[in-house]
Structure formats: C-alpha cells, structure tokens
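> One structure coming up, written as structure tokens, with questions to follow.
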Amino acid sequence: MNYSTILRDDCQPIIDSIEITTDTLTGRGGLSLFVRYLRGVHLMPHLKRLFGSLRKSDKGQPVTMIFKQLFCFFLDGTSRHLVAFDYLKRDEGYAAAIESSVDEMLSSHAVKRFFQAFRWPRIWLFRRLLQKLFLWRLALGKPSVITLGIDTMVMDNDEATSRHGVEPTYKKVKGFQPLQMTWGRFIIDAVFRGGDKHSNHSDTVQKMVEHIVGEIRRSYREDVPIVIRLDSGFFDQKLFEECERLGIGYIVGGKLYNDIKEYMKCVDASAWSCHRDDEQSWDFVEFGDCRGSWSMFRRAIFCRPRYEEEQRLLEFARPDTVLYSNLGMGGKIDEQLRKVGKEHLLDAQHIIASYHMRGYDELVHRALKEFASETLPFKRFAPNAAFYYTMLISFFLYESFKEDVCESIVPLTAYATTVRRRLIDFAAKIVRHAGKIILKVTTATWKQLEIYALWVRSGAPPSFAWK
C-alpha cells in the first residue's frame, strides 16, 4: 500500500493569533544559577567594603546591587551597549531571574554615573580584589608548581578617535593595550594602559611580578615553585634580575642578534638534539649567552621547527627561536622544583615545550574578548579603566562558575558563546506559590541540563575569604 508523504492541511498545527501573557517569563533562566552562585561565594560583603562609599546618598541602589547587575550583564552578553540596561529595566522576567524587583533595575544613566564616580585610588582596589580571587582559586586547586603568563592585549577601539588613551598599537589599530597576568584560564592581575605602551613599558612588569610573588608567598606557600613565561617583548635584563632576586623561574623569548646567527652556523651537527610533541619537532642546541650590558651568562636554547603543517621544512626556511631561562642554573628555583618532584622541568626539552604552551595563555585573552567587549564606552580614561576592571572581575567569576557548577555540562575550555547557548539561554517561568518564589523549566531542560544538580552546586560553592 502506498502512503502519501505530504501532510494533510488539517494535521498541521496553525497559530491563528498572538496575545500578551501576564505570566513572568524569561529566556535567561540560567542567570538564576549564576546569581545563586554569587550569593553562595560571599563576595558581595567585600564589594560593599571596598566600594560602598561611592554611594553618596540613599536614593540610588546599593553598590552590591549595581555589581550584581553588571556581572549578569556581562554574562548574559545579549548586548554590549550600556543602553541595553534601559530595556532590561522594563523586563520583569529578567529582573525576577536575577532576584531583583523592577524598581531595583538600573538604567543606562545610573550605570554611567556609577563608573564616572571612580577615581584612581579606588580603581586600584580592583587589582587587589582580582589578586585575592586568584589566591582563593589557588587555595582550592593546590598546585605543586605555579606557572604564570604575562602579555599585553590589544583592545580595538579604532572608531573611538576622541577617547582618552585610545592610541596607535602594534596591530595597526587605535585602542588600549593593558598588561595582563594569567594563570591557566584566569586573568589574575592587570594594568590598564593606553595603546602606545609597549610590552615592557617602564618598570610595570617588574612591580607586577614582585607584588604577585609576595602575595603567593604570604597567602599560599612560601616555598612553592613559580615559573613565568613571556614572549620576546619582555626580553630585559632588569626583569631577569628581578626574577632571580625573587627566586622564581622565567622562560623568555629572546632576540636573534647577528652574533647568535653566526655562532649557530659554526655549531657542529652532533651538538644538536631533537624535541618532539604530538604535532611538531624541533632541533635545538643549548649554549651560554652574555649580552654586552649583562653582568653574567644565562642559559639560552636555540631551536627551529622541522615541520610546518605536516610539511618538512628545508633548513634555510626554518623560523628560528632563541629562549632564555634560569631553570637548571643551580638557583633557588631548581631546589624548589626538585623538592616537589618536578626536576624534569629543568630539562631543555621541557623548557621548549613550556614556552610553546604560551599559546594557551593567549587563548585567555581571546576568551575575555568573546565574553565581554574590546570597545569601551566612555570618553575619559578613568571610567573606562573602572569598566575594564569590572569586566575582568566578571570574567573571573564566570570562569569560577564554570568550574564549580557547570563542569559536568560544558567543558572548562568552552568559550562564552557555548556556555550562554547551553546554560544561560533557556526558558523559565517564575511563579509565587505558598509564600515561595519558584523557577519552573520544561522537563526536557530539567533532564538535559541536570538542573537540580546545578541548583544544588550553585547554592553551595566554595566560599571566598579575604586573607
């Protein structure tokens, strides 16, 4: 018997009209989990202590309410313009999802006034908070070796020609170029700077390293090995001397001076070794180098890849790299690594591998740009700095939220777009019943996202303590 594959008209569901519902609905049900998480980590009292005096009268919203809405604004990611707060202010479902009343919702003008009230002494408090959040995660992860990365991140504001600090950058666009320190997926410290500030501008890097090492030694463990990875933009004897004084390791990309190139031509073939990983092979040779202004020799490793995209490179076409490190030079860092059973990190092959892991450090900057925005909204430098640091705090909390609550649903390496589509953008209904406020979701969402497990974990996260 033959059956027609064409559906009859009377079998098709047809929507005949559209009407308004009085139910409280939201398309951002996942924000409820994030707000519950913020309440559970006990961060808000510290925000009130640091920034509470910004509130000059009782007319406006408390500082904690402002930060909560800002954190949710960044995580939501629907719009990157401050005018979006005017639309959210009229959305009862969104307000209910983030546990606020409509009267408590901010307007775009309130947000602008908040950031314009910041001055530099208070802006620097963001750095302290960011570092304390890092120490919180450090105490939870308990790493035996701490590997940090330092690099700049260009923020393209090319269309904003009249904004203070928007200047030409090395990427041929005008914008800002903050200096950022990373640990794994987290940005743990940053200095907001104009676009013309090069990587190693002034003594900012040395001070950043000195301060973060001191915090780790005081609050985590005094003898933990610390290794910092940097590219050739930070090739500076003063930075090397500071790391050696602090007793930490460094792996830094060097500059290919002519005398190094000439020396490599004379190196016997038997002196070369090979390092391989899953995707690449490198020929390398170790030597001691002392630049003209240096007071001592330092360990140097000259290497070049054998393959590029599965194609073997001819010798004259290989891109050369030279690395400098104090690992394996008999310093304090060597003793610390041996003490924790990580003496293999002193080998040249592991130094090369570690330096090439800098690519993962740079992915953090990419993740931040996808989470928030490169374009900053204000004309003056100080409000933009406050906005930038609020963005960094939001990004840190988002990464912590993924790890503490959502790891069973999305991988830790997932970018913000994936997390939003899977965990934030689901429909929910907020109802009041028997004196309780209840968030309701569909059966499919309940099962697919394991909502009950997420609800339990978001309500009992590891508490943040200021030490």
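The values are calculated or read from the model by the stated rules, or taken from the named source; none is laboratory data. No experiment lies behind these values; they were computed from the predicted model shown. Note that each Cβ is placed from the backbone with ideal geometry, even for glycine, and that neighbours are counted across all protein chains shown.
> Quick check, is residue 64 touching an Asp or Glu at 6+ places or on another chain (Cβ under 6 Å) and at pLDDT below 95?
no
> How many residues, within the range 415-467, are of a type in the set (Lys, Arg) and more than 20 Å from residue 75 (Cβ to Cβ)? Let's see the steps before the verdict.
First pass over the range 415-467, keeping only residues of a type in the set (Lys, Arg): 420-422, 429, 432, 436, 440, 447, 457, 467.
Those left that are additionally more than 20 Å from residue 75 (Cβ to Cβ): 429, 432, 436, 440, 447, 467.
Summing the residues that are of a type in the set (Lys, Arg) and more than 20 Å from residue 75 (Cβ to Cβ) in the range 415-467 gives 6.
> While we're here: Considering only the range 405-450, state which residues are charged (D, E, K, R) and free of Cβ contacts under 8 Å to residues at least 12 places away in the same chain.
Our first condition is that a residue be charged (D, E, K, R); within the range 405-450, this holds for 407, 420-422, 425, 429, 432, 436, 440, 447, 450.
Hits for the range 405-450 are 407, 421, 432, 436, 447.
> Oh, and also: Given the criteria β-branched (Val, Ile, Thr), in the same structural domain as residue 25 (by TED's automatic domain parsing), surrounded by fewer than 18 Cβ atoms within 10 Å (Cβ to Cβ) and more than 20 Å from the chain's Cα centre (by Cα), does residue 430 qualify?
Spelling it out, it is not the case that residue 430 is β-branched (Val, Ile, Thr), in the same structural domain as residue 25 (by TED's automatic domain parsing), surrounded by fewer than 18 Cβ atoms within 10 Å (Cβ to Cβ) and more than 20 Å from the chain's Cα centre (by Cα).
> Would you confirm whether or not the range 424-441 contains a residue that is among the small types (Gly, Ala, Ser) and part of a helix (DSSP H, G or I)?
The answer is no, given that none of the residues of the range 424-441 is among the small types (Gly, Ala, Ser) and part of a helix (DSSP H, G or I).
> Report whether or not residue 141 is among the small types (Gly, Ala, Ser), without any contact (Cβ under 8 Å) to a residue 60 or more places away in the chain and in the same structural domain as residue 217 (by TED's automatic domain parsing).
Answer is yes for this residue.
> Only one of (1) surrounded by fewer than 13 Cβ atoms within 10 Å (Cβ to Cβ); (2) assigned by TED's automatic domain parsing to the domain that holds residue 78 is not met by residue 467, so which one is it?
Condition not satisfied by residue 467: (2).
> While we're here: Any chance you could count how many residues in the range 128-165 are in a strand (DSSP E or B) and among the β-branched types (Val, Ile, Thr)?
4
> Quick one: is residue 415 surrounded by fewer than 16 Cβ atoms within 10 Å (Cβ to Cβ), on the phi < 0 side of the Ramachandran plot and touching a helix residue (DSSP H, G or I) at 6+ places or on another chain (Cβ under 6 Å)?
yes
> Right, next: (1) assigned by TED's automatic domain parsing to the domain that holds residue 37; (2) at pLDDT below 95; (3) assigned to a helix (DSSP H, G or I); (4) under 22 Å from residue 141 (Cα atoms): which one isn't true of residue 414, the others all being true?
Among (1) assigned by TED's automatic domain parsing to the domain that holds residue 37; (2) at pLDDT below 95; (3) assigned to a helix (DSSP H, G or I); (4) under 22 Å from residue 141 (Cα atoms), the lone unmet condition for residue 414 is (3).
> Could you tell me whether the range 395-408 includes any residue that is assigned to a strand (DSSP E or B), outside the structural domain of residue 300 (by TED's automatic domain parsing) and either out of contact with any helix residue (DSSP H, G or I) (no Cβ under 8 Å at 6 or more places or on another chain) or of a type in the set (D, E, K, R) (or both)?
Of the range 395-408, the ones assigned to a strand (DSSP E or B) are none.
No: zero hits.
> Hey, among 79, 53, 108, which residue is touching a helix residue (DSSP H, G or I) at 6+ places or on another chain (Cβ under 7 Å) and either among the hydroxyl-bearing types (Ser, Thr, Tyr) or exposed (fewer than 15 other Cβ atoms within 10 Å of the Cβ) (or both)?
108
> OK, next. Which residue pairs have Cβ atoms closer than 6 Å, lie 6 or more positions apart in sequence or on different chains, and pair a first residue in the range 328-351 that is on the phi > 0 side of the Ramachandran plot and surrounded by 15 or more Cβ atoms within 10 Å (Cβ to Cβ) with a second residue that is at pLDDT 90 or above and not aromatic (Phe, Trp, Tyr)?
Sorted first by the residue in the range 328-351, then by its partner, the pairs are 328/346.
> Now a separate question. Can you go through 257, 220 and tell me which one is at pLDDT 90 or above, among the aromatic types (Phe, Trp, Tyr), on the phi < 0 side of the Ramachandran plot and surrounded by fewer than 19 Cβ atoms within 10 Å (Cβ to Cβ)?
On the way: 257 fails: at pLDDT 90 or above.
From the options 257, 220, the qualifying one is 220.
> Find the residue count for the range 48-95, including only residues that are β-branched (Val, Ile, Thr) and closer than 11 Å to residue 114 by Cβ.
2
> Could you list all residues from the range 113-122 that are surrounded by 18 or more Cβ atoms within 10 Å (Cβ to Cβ) and either at positive phi or outside any loop (DSSP other than H, G, I, E, B) (or both)? Walk me through it before giving the result.
Here is the first cut: in the range 113-122, the ones surrounded by 18 or more Cβ atoms within 10 Å (Cβ to Cβ) are 114-115, 118.
Listed by number, the residues that qualify are 114, 115.
> Would you confirm, using the coordinates I've provided, whether residue 373 is polar (S, T, N, Q), crowded, with 17+ Cβ neighbours inside 10 Å and touching a residue at least 24 places away in the same chain (Cβ under 8 Å)?
So residue 373 fits the description; yes.
> Conditions: (1) under 19 Å from residue 36 (Cβ atoms); (2) among the hydroxyl-bearing types (Ser, Thr, Tyr); (3) assigned to a helix (DSSP H, G or I). Residue 100 meets all but one. Number of the miss?
Against the list (1) under 19 Å from residue 36 (Cβ atoms); (2) among the hydroxyl-bearing types (Ser, Thr, Tyr); (3) assigned to a helix (DSSP H, G or I), residue 100 comes up short only on (3).
> Here's another thing I want to ask about it. Of the conditions (1) in contact with a Pro (Cβ under 8 Å, 6 or more places away or on another chain); (2) not in a helix (DSSP H, G or I), residue 378 satisfies every one except a single condition; which number is it?
(1) is the only condition that residue 378 fails.
> Then there's this: Looking only at the range 313-320, decide whether some residue is touching a strand residue (DSSP E or B) at 6+ places or on another chain (Cβ under 7 Å), at pLDDT below 90 and either crowded, with 16+ Cβ neighbours inside 10 Å or not assigned by TED's automatic domain parsing to the domain that holds residue 273 (or both).
Yes; the residues of the range 313-320 include at least one that is touching a strand residue (DSSP E or B) at 6+ places or on another chain (Cβ under 7 Å), at pLDDT below 90 and either crowded, with 16+ Cβ neighbours inside 10 Å or not assigned by TED's automatic domain parsing to the domain that holds residue 273 (or both).
> Same structure again: Need the failing condition index for residue 196 against (1) surrounded by fewer than 16 Cβ atoms within 10 Å (Cβ to Cβ); (2) under 30 Å from residue 50 (Cα atoms), just the number.
Unmet condition: (2).
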